[in-house]
Amino acid sequence: MTALAAYLGFSVLLFGIGLYGLLQRRSLIAMLIALELMLAAVAVNVVVLTTYAGRDPGAGQVMALVLVGVAAAETALGLSLFVAIHRAQATIDVETVSELKG
Amino acid sequence: MSGPVLAALLAQWTPLAASALILVFLRSRPAAAAATAIAGITVSLAATGLLVAQVAVPGLSVLAEAEWLPVHGGPGLAFGVLLDPLSALMAFVVAFITLAVMVYSVGYMRGDPGFPRYYGFLALFAWAMLGLVLASNLLQLLVFWELVGLASFLLIGFWFERPAPAAAARKAFLMTRVGDVGFLLGVLLLIRALGIATIPELIEAATTRLEPGLVQVVAVLLLMGVIGKSAQGPLFTWLPDAMEGPTPVSALLHSATMVAAGVFLVARLHGFFAAAPAVMQGLLWLALVTALASATMAMVAGDIKRVLAYSSISQLSYMLMALAAGSVAAGFFHLTTHAGFKALLFLSAGIFIHHAHSNDMREISEHEPLKLTAGVVGLVAGASALAGVVPTAGYFSKEAVLTALGGTGGRVALALAMLGAALTAYYSGRMVFLTLGGRSPSRQVAKSLGEETHRHEHRPSYGDRMMAAPVLVLSALTLVLGYLGPFFAARLSPEAEHEELFHFGAQAVTALALVTAGLALSWWEFRRALAPRVGFAERVPALRSFFGENWYLDRLYDATVVRWTVALSRAAKWNDHTVLDGASDGVARGTVWGGRILAMVQNGYVQAYLAAVVSVVAALGIWLVRTGPRP
């Protein structure tokens, strides 16, 4: 097993755990944490693949840092929405947020 | 625009204005409605009187037209008035009879909840008929022809709440419509061939520009309309049923308007029809058969209005016979005298019906009919005219018809027409004797009972006087009209300068003898002491039901045309309700259910959506990897 496969296997594992958590957990906050795991897997992929493609490794690392910033912004937005939902419904269980169904 | 044209327009459009005024503004004001209608028709009568004075000059013909919707290269449709002695005299007759009926109806229809509507429709009827009479163009004539049909539909079905009048109105409309289809086709053929339908040009073209074959086809098609409208041949059965309308309506319908329209059309287009002698011969025989058949039906009918209806059919046949034999003057003369005495007969019958509340002659005779002086005078005068008793109008005009027939119709036709005259005399006598009462024991009892109950209440009211006045005027006219024969002959057949409508000879003596025999037979059976008061035809059950049920024609129609039509309309209804509606309902239902099923996918759980998205993206990825890169 090459080092690349190991990196990518780690990334897949991280993405799979995140996906499992996203689909499995009922709490919105836990789902948001799982989403962050999936985003981290993507960031690892960017860094690894940029390096292995023979480009400047700095570009991949800069991109990873940008991704962390985006994740932070997304988390701030998500958490503020959850607070609003909690105020309205006194719960953040994802199954209670289903008023827009057809 | 000259004076006569203005007068014609005034005569034609005043009744429409009155009708619209009544139907829109005066629906709840009976007195004002009647006054408006009578005022309108009085204006018409004055205008048509002026027309008669100015236009009824031998050989005169005034045509005033305005192009309507001119199309370059298309058919020239001009609408206007055609004034000649025929239309002027006919318009006067129409306006006069309508006025008489309107005055009479003030008494007859008093208290009816639909009184204003009745007058509105009467005025509409007068407008339609005057429009038909004065029309200059065959297409215009057709429009008013249909309007006449509409107006009579509305009036026959005036008491539409009851099923019988509603059915009678529908029958009248549909049966005349059968003939009108032919009329429409004939008019279209003419317009296609000539590009124009102005009446004088049609008549001129019939002998010059048109092929004889086409003239014959068109003549037959136009006559279909005449047969339907004038209740001839196989299409007459609507007329007896039309008796369901109010009696004054019958008087109008049978004398000057509806049924006279067909005869008028033949007189109007006589030059055209004359170019198809074979068709005219056919019309002659059809009219003869109709005259005899309807006379037999009148012999057994017990309802006084039905007797009069059958007599109308028979008399219309006489008019058509005279026209078919080539004499416009004789045919139109009979139309005029018939309009007078048939309106008179219906109006006086109405007096009896109003009094006895029954149409049955034997029942009327039990309600002291002799006390109704105006009714008795009218009935006797009218029946004498109908039978053809010497000094009355009917005698002269019927002689004129027979003379015309004797001239060109052939011996057999003449003999049959005379037989018809004898039958007419018989049923006229029967009607008078049955209605006014014979010396039957049942009547004696009824009389002694009736004298105690009726004595105090019989004093003529306002309504009775309104009913009596037109009857008396028409009775007087019945005695006078007969002497107008030469007047008609000079104006309607100017080319035949020496045509005598009537001359006293062997033929006239024979006719008189037959009429006398008919009257004597009716006296023997219905009036003399110990008379059985049952006619010879009524005694044979087979004849009685055969004659009484329109020669089973209605049954024939019910068993064939009506049944098939009903079956067809049922099938169409099934097709409409089950197939067409079913298809659209099915589409709608399918859409609704499809929507419900698809809506189940939208369950509102974010994780379910996410799972679906992830699985689809994964499946796509696997598929892309397996198919490999594109070449």
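The values are calculated or read from the model by the stated rules, or taken from the named source; none is laboratory data. Everything quoted here is computed from the prediction, not taken from an experiment. Cβ coordinates were reconstructed from backbone atoms using ideal geometry, including for glycine residues, and neighbour counts include every protein chain displayed.
In table form, for the structure just shown:
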quantity: Selection from the range B:581-631 of residues that are over 30 Å from A:Asp93 (Cβ atoms) and aliphatic (A, V, I, L, M); calculated: B:Ala583, B:Val587, B:Ala588, B:Val592, B:Leu620, B:Ile622, B:Leu624, B:Val625
quantity: All positions within the range A:13-25 that are within 12 Å of chain B (Cβ to nearest Cβ) and surrounded by 14 or more Cβ atoms within 10 Å (Cβ to Cβ); calculated: A:Phe15, A:Gly18, A:Leu19, A:Gly21, A:Leu22, A:Leu23, A:Arg25
quantity: Yes/no for A:Ile85 being within 14 Å of chain B (Cβ to nearest Cβ), in contact with a Phe, Trp or Tyr (Cβ under 9 Å, 6 or more places away or on another chain) and not small (Gly, Ala, Ser); calculated: no
quantity: Qualifying residue in the range B:274-293 (condition: assigned to a helix (DSSP H, G or I), within 21 Å of B:Ser384 (Cβ to Cβ) and in contact (Cβ under 8 Å) with a residue 12 or more places away in the chain); calculated: yes
quantity: Hits in the range B:149-173 - residues which are more than 16 Å from B:Met129 (Cβ to Cβ), of a type outside the set (Gly, Ala, Ser), touching a residue at least 12 places away in the same chain (Cβ under 8 Å) and not in a loop (DSSP other than H, G, I, E, B); calculated: B:Pro165, B:Arg170, B:Lys171, B:Phe173
quantity: Test for B:Leu323: is it within 18 Å of B:Ala387 (Cα to Cα), outside any loop (DSSP other than H, G, I, E, B), within 22 Å of the chain's Cα centre (by Cα) and in contact (Cβ under 8 Å) with a residue 24 or more places away in the chain; calculated: no
quantity: Among (1) more than 20 Å from the chain's Cα centre (by Cα); (2) at pLDDT below 90 - the single one B:Gly282 does not satisfy; calculated: (2)
quantity: All helices (runs of 4 or more DSSP H) inside the range B:340-409 with 2 or more residues being β-branched (Val, Ile, Thr); calculated: B:373-387, B:393-404
quantity: Qualifying residue in the range A:38-48 (condition: in contact with a strand residue (DSSP E or B) (Cβ under 6 Å, 6 or more places away or on another chain) and within 14 Å of another protein chain (Cβ to nearest Cβ)); calculated: no
quantity: Residue identified as buried (at least 24 other Cβ atoms within 10 Å of the Cβ) and either among the β-branched types (Val, Ile, Thr) or closer than 30 Å to B:Gly282 by Cα (or both) among B:Gly350, B:Gly375, B:Gly340; calculated: B:Gly340
quantity: Test: B:Leu45 is of a type outside the set (S, T, N, Q) and at pLDDT below 90; calculated: no
quantity: Unique match (being in a helix (DSSP H, G or I), more than 29 Å from B:Leu138 (Cβ to Cβ) and within 23 Å of the chain's Cα centre (by Cα)) among B:Val93, B:Val24, B:Val103; calculated: B:Val103
quantity: Lone qualifier among B:Ser312, B:Ser317 - being more than 21 Å from B:Ala381 (Cβ to Cβ) and out of contact with any Leu (no Cβ under 6 Å at 6 or more places or on another chain); calculated: B:Ser317
quantity: Counted residues, the range B:174-215 - those being outside any helix (DSSP H, G or I) and either in contact (Cβ under 8 Å) with a residue 24 or more places away in the chain or surrounded by 17 or more Cβ atoms within 10 Å (Cβ to Cβ) (or both); calculated: 5
quantity: Selection count, the range B:154-167, where residues are aliphatic (A, V, I, L, M) and surrounded by fewer than 22 Cβ atoms within 10 Å (Cβ to Cβ); calculated: 4
quantity: Residues that are hydrophobic (A, V, I, L, M, F, W, C), within 12 Å of chain B (Cβ to nearest Cβ) and over 8 Å from the mean Cα position of the chain (by Cα), drawn from the range A:26-37; calculated: A:Leu28, A:Ala30, A:Met31
quantity: Test for B:Ala231: is it part of a loop (DSSP other than H, G, I, E, B) and either acidic (Asp, Glu) or within 23 Å of the chain's Cα centre (by Cα) (or both); calculated: yes
quantity: Subset of the range B:353-362 (residues that are more than 22 Å from the chain's Cα centre (by Cα) and either on the phi < 0 side of the Ramachandran plot or crowded, with 24+ Cβ neighbours inside 10 Å (or both)); calculated: B:His354, B:His355, B:Ala356, B:Ser358, B:Asp360, B:Met361, B:Arg362
quantity: The range B:14-44, residues that are of a type outside the set (S, T, N, Q), under 24 Å from B:Pro470 (Cα atoms) and surrounded by 17 or more Cβ atoms within 10 Å (Cβ to Cβ); calculated: B:Pro15, B:Leu16, B:Ala18, B:Ile22, B:Pro30, B:Ala33, B:Ala34, B:Ala37, B:Ile38, B:Gly40, B:Ile41, B:Val43
quantity: Among (1) away from chain B (no Cβ under 14 Å); (2) on the phi < 0 side of the Ramachandran plot, the one test that A:Ala90 misses; calculated: (2)
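This table checks each residue for (1) more than 14 Å from chain B (Cβ to nearest Cβ); (2) of a type in the set (Phe, Trp, Tyr); (3) surrounded by 11 or more Cβ atoms within 10 Å (Cβ to Cβ); (4) within 19 Å of the chain's Cα centre (by Cα).
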residue	(1), (2), (3), (4)
A:Gly54	yes, no, no, no
A:Gln61	yes, no, yes, yes
A:Gly69	yes, no, no, yes
A:Gly78	no, no, yes, yes
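Every residue, every condition in (1) at positive phi; (2) modelled with pLDDT of 85 or more; (3) touching a helix residue (DSSP H, G or I) at 6+ places or on another chain (Cβ under 7 Å), yes or no:
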residue: B:Ala172; (1), (2), (3): no, yes, yes
residue: B:Leu184; (1), (2), (3): no, yes, yes
residue: B:Gly195; (1), (2), (3): yes, no, no
residue: B:Glu204; (1), (2), (3): no, yes, no
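One line per residue, one yes/no per condition, for (1) among the aliphatic types (A, V, I, L, M); (2) crowded, with 24+ Cβ neighbours inside 10 Å:
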| site | (1), (2) |
| --- | --- |
| B:Val217 | yes, no |
| B:Ile227 | yes, yes |
| B:Phe236 | no, yes |
| B:Leu239 | yes, yes |
